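S.K.: My questions will all concern the structure given below.
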Amino acid sequence: MNLTEEIKRLKKEKNAVILAHCYQNIEIDEVADYVGDSLYLSQKAAQTDADIIVFAGVYFMAQTAKILNPDKKVLLPNMNSGCLMADMINVEQLREFKAKNKNVPTVCYINSTAEVKAECDICCTSSNAVNIVKSLNADEVLFLPDTYLGKWVEHKLGNVKVTTYNGFCPTHLRIRVEDIEHARKNYPYAKILAHPECSVEVTKLADFVGSTKDIMRYATESKEKQFVIATEKGVVDRLSRDNADKEFILIKDSIICPNMKWNTLEDIYNVLETETNEIFVDKDIASKAVGCINRMLDVSRIGAK
Ligand code: 13P
Ligand code: SF4
């Protein structure tokens with residue numbers, strides 16, 4: 001059986017769309033309708049008229065797609081695909097965090113559960129975090145779960161106090177100052193591009209800091225020929241495939257998000273065929289969380305004022 005052809009046939013037969021995050025195993029791009037970062041994919045999820053959405057990403061992404069499309073079937077190819085950062089804060093911990101910082105607007109990274117989104121004012125992705133915080137016109141915001149993305153936003157804005165929860169991405173935190181120093185020594189002419197989930201010490205040393213999409217855009221548009229990439233391996237795989245005249249070096253071999261890599265073509269075929277691994281979200285939670293997500297989509301559509 002040719003898996004790719006079978007998946008394409010099932011997609012057509014069932015009016016399904018496949019959304020794939022750029023940290024996925026690269027062969028998934030062959031069957032995906034849209035490949036991108038979490039902002040792009042949540043925008044595509046909000047716009048689709050397909051009956052079935054297969055989300056090749058991690059759980060919170062599929063859950064967000066379901067919240068935006070309560071009447072559609074949303075399928076996650078492999079149920080092991082969780083996000084360790086999203087699971088670092090639950091509702092009780094969120095309430096405690098808010099109680100310690102009363103009357104401060106709460107911004108949650110899209111890497112969070114539906115229950116947490118339901119009790120936050122607005123969510124953001126790494127692509128729009130700076131604009132989202134700016135759009136609140138506040139002197140102080142609470143930011144969760146990622147302390148590093150929050151601190152990066154604070155540094156970029158300069159005039160907003162960003163009080164962060166102590167969550168983090170274990171994959172991005174594997175990148176150390178020594179790795180950047182090592183890369184500078186071994187590739188003196190390369191540009192070093194880092195994701196804001198990396199530690200403050202690491203992002204300070206990078207030539208460019210940006211979300212998955214911004215890193216890909218920077219590298220594609222740049223006249224430079226060699227880049228060291230301080231984020232997940234999927235970004236290097238796609239940049240190398242699409243820019244044959246440039247060289248992309250993963251900062252170190254271990255920068256792979258194991259949870260993103262669970263989904264395989266077989267899993268996609270199986271869920272499309274059997275319509276299993278469906279994502280459900282409690283109606284009350286979803287009706288509160290949708291406001292948090294839609295406020296973000298509105299700001300991203302209009303741009304920060
Ligand atoms: P993006 O917002 O850049 O897609 O990142 C999502 C993510 O999980 C990064 O680790
Ligand atoms: Fe979550 Fe980190 Fe994996 Fe992104 S790379 S999905 S933040 S664990």
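Nothing in this text is a laboratory measurement; each read-out follows from the coordinates by a stated rule. Keep in mind that this is a model prediction, so the values were computed, not measured. Here the Cβ positions follow ideal geometry from the backbone for every residue, glycine too, while neighbour counts run over all protein chains shown.
S.K.: Length gain on complete extension for the stretch SER254 to ASN166, per 0.36 nm per residue less the alpha carbon to alpha carbon distance?
M.R.: Going from the current span to full extension adds 29.4 nm.
S.K.: I would also like to ask the following. Between their Cα atoms, which of LYS73/LYS213; LYS223/LYS246; LYS66/LYS288; LYS66/LYS161 are more than 21 Å away from each other?
M.R.: Flagged as over cut-off: LYS73/LYS213; LYS66/LYS161.
S.K.: While we're here: Per-residue ellipticity at 222 nm for the chain, helices alone: DSSP H runs ≥ 4 residues times -39500 (n - 2.57), over residue total, nearest 500 deg cm²/dmol?
M.R.: That calculation yields -13000 deg cm²/dmol at 222 nm.
S.K.: Right, something else. If contacts are Cα pairs under 8 angstrom and at least 6 residues apart, what is the relative contact order of segment 143-226 in percent?
M.R.: Relative contact order, segment 143-226: 26 percent.
S.K.: Dividing the Cα convex hull volume of the chain by residue count, how many Å³ per residue is that?
M.R.: Normalising the Cα hull of the chain by residue number yields 129 Å³.
S.K.: Moving on to the next point. Rounded to whole Å and sorted largest first, list the principal axis extents of the Cα atoms in segment 164-209.
M.R.: If we take the Cα atoms of segment 164-209, the spans are 36, 17, 14 Å.
S.K.: For LYS8 and THR274, compute 0.36 nm times the residue count separating them, minus their Cα-Cα distance, and round to one decimal in nm.
M.R.: Result: 94.3 nm gained on full extension.
S.K.: Where both residues lie in the chain, what percent of DSSP beta bridges are antiparallel, nearest 5?
M.R.: 5 percent
S.K.: Of MET260, MET61, MET1, how do they rank once you tally other Cβ atoms within 10 Å and put the fewest first?
M.R.: Ascending Cβ contact count within 10 Å gives the list MET1, MET260, MET61.
S.K.: How many percent of all Cα-Cα pairs in segment 92-137 sit more than 18 Å apart?
M.R.: 28 percent
S.K.: Then there's this: So if the hydrodynamic radius of segment 9-136 is defined as the Kirkwood radius over C-alpha pairs, what does Stokes-Einstein give as its diffusion coefficient at 4 °C and 1.567 mPa s, in µm² per second?
M.R.: The Stokes-Einstein estimate is 83 µm²/s.
S.K.: Still on this structure, I have one more. One-quarter of the Cα convex hull surface for segment 145-185, in nm²?
M.R.: The number I arrive at for segment 145-185 is 3.6 nm².
S.K.: Treat the count of other C-beta atoms within 10 Å as a stand-in for reagent exposure and order TYR109, TYR187 from fewest to most.
M.R.: Going from sparsest to densest Cβ surroundings: TYR187, TYR109.
S.K.: With N set to the number of residues, divide the alpha-carbon radius of gyration of segment 110-235 by 2.2 N^0.38 Å and report two decimals.
M.R.: Computed over Cα atoms of segment 110-235, the ratio equals 1.10.
S.K.: Got the relative contact order for segment 84-167 handy, in percent, Cα pairs under 8 Å and 6 or more residues apart?
M.R.: Normalised by residue count, the contact order of segment 84-167 is 29 percent.
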